[in-house]
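Since the structure comes first, as structure tokens, the remarks are kept for the end.
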DNA sequence: GACCTGACGGTAC
DNA sequence: GGTACCGCCAGGT
């Protein structure tokens with residue numbers, strides 16, 4: 001069943017502080033290149049999970065999922081981790097991008 | 001049981 | 001270069 005949900009949680013939970021990743025990167029890491037949507041959907045159920053879902057943004061670095069966070073929790077939390085913002089709700093994804101495949105366990 | 005929607009991404013026009 | 005449409009899989013109604 002939603003095994004891949006757990007994998008999403010596992011990957012997201014391993015995102016280093018001050019780093020972010022994208023839905024596509026996680027999806028591709030799980031083997032579903034076009035399943036980025038599913039990753040986001042998984043995180044939808046992960047809002048109550050002990051994972052830094054705020055470190056996951058879309059391919060454009062936009063905080064698309066901030067709507068699921070109370071207030072500006074997502075934005076403020078990222079700023080606390082020294083994440084560079086190019087816009088009020090868009091981070092410097094190219095600078096802080098973290099690929100799941102690059103994790104060192 | 002069937003249909004619709006949903007934290008996105010890539011390709012086509 | 002920008003906009004539009006289609007594709008992926010699962011869950012909720």
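The values are calculated or read from the model by the stated rules, or taken from the named source; none is laboratory data. Remember, predicted model here, so these are calculated numbers, not experimental data. A quick note on method: Cβ atoms are made from the backbone with ideal geometry, for glycine too, and the neighbour counts reach across all protein chains shown.
Numbers below:
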{"item": "Residue that is farthest from residue A:80 (Cα to Cα) [pool: residues in the stretch A:1-24 that are near DNA strand B (Cβ under 8 Å from one of its atoms) and in contact with a helix residue (DSSP H, G or I) (Cβ under 6 Å, 6 or more places away or on another chain)]", "result": "A:24"}
{"item": "Some residue of the stretch A:66-75 being more than 18 Å from residue A:7 (Cα to Cα), surrounded by 12 or more Cβ atoms within 10 Å (Cβ to Cβ), at pLDDT 90 or above and touching a strand residue (DSSP E or B) at 6+ places or on another chain (Cβ under 6 Å)", "result": "no"}
{"item": "Filter result for residue A:76 (in contact (Cβ under 8 Å) with a residue 12 or more places away in the chain and more than 12 Å from DNA strand B (Cβ to nearest atom))", "result": "no"}
{"item": "Residue A:97 vs. criteria under 15 Å from residue A:8 (Cβ atoms) and touching a residue at least 24 places away in the same chain (Cβ under 8 Å)", "result": "no"}
{"item": "Where a residue in the stretch A:1-28 is farther than 12 Å from residue A:53 by Cβ and its partner, wherever it lies, is part of a helix (DSSP H, G or I) and within 16 Å of DNA strand C (Cβ to nearest atom), with Cβ under 6 Å and at least six apart", "result": "A:4/A:30; A:5/A:42; A:7/A:30; A:24/A:36; A:27/A:36; A:27/A:39"}
{"item": "Restricting the stretch A:25-48 to residues that are more than 7 Å from DNA strand B (Cβ to nearest atom) and not in a helix (DSSP H, G or I), the residue that is surrounded by the fewest Cβ atoms within 10 Å (Cβ to Cβ)", "result": "A:48"}
{"item": "Test: residue A:96 is more than 13 Å from DNA strand B (Cβ to nearest atom) and crowded, with 20+ Cβ neighbours inside 10 Å", "result": "yes"}
{"item": "Residues of the stretch A:1-22 satisfying the condition of being within 10 Å of DNA strand C (Cβ to nearest atom) and not in a loop (DSSP other than H, G, I, E, B)", "result": "A:3, A:4, A:5"}
{"item": "Test: residue in the stretch A:50-59 that is over 13 Å from the mean Cα position of the chain (by Cα), more than 19 Å from residue A:3 (Cβ to Cβ) and at pLDDT 90 or above", "result": "no"}
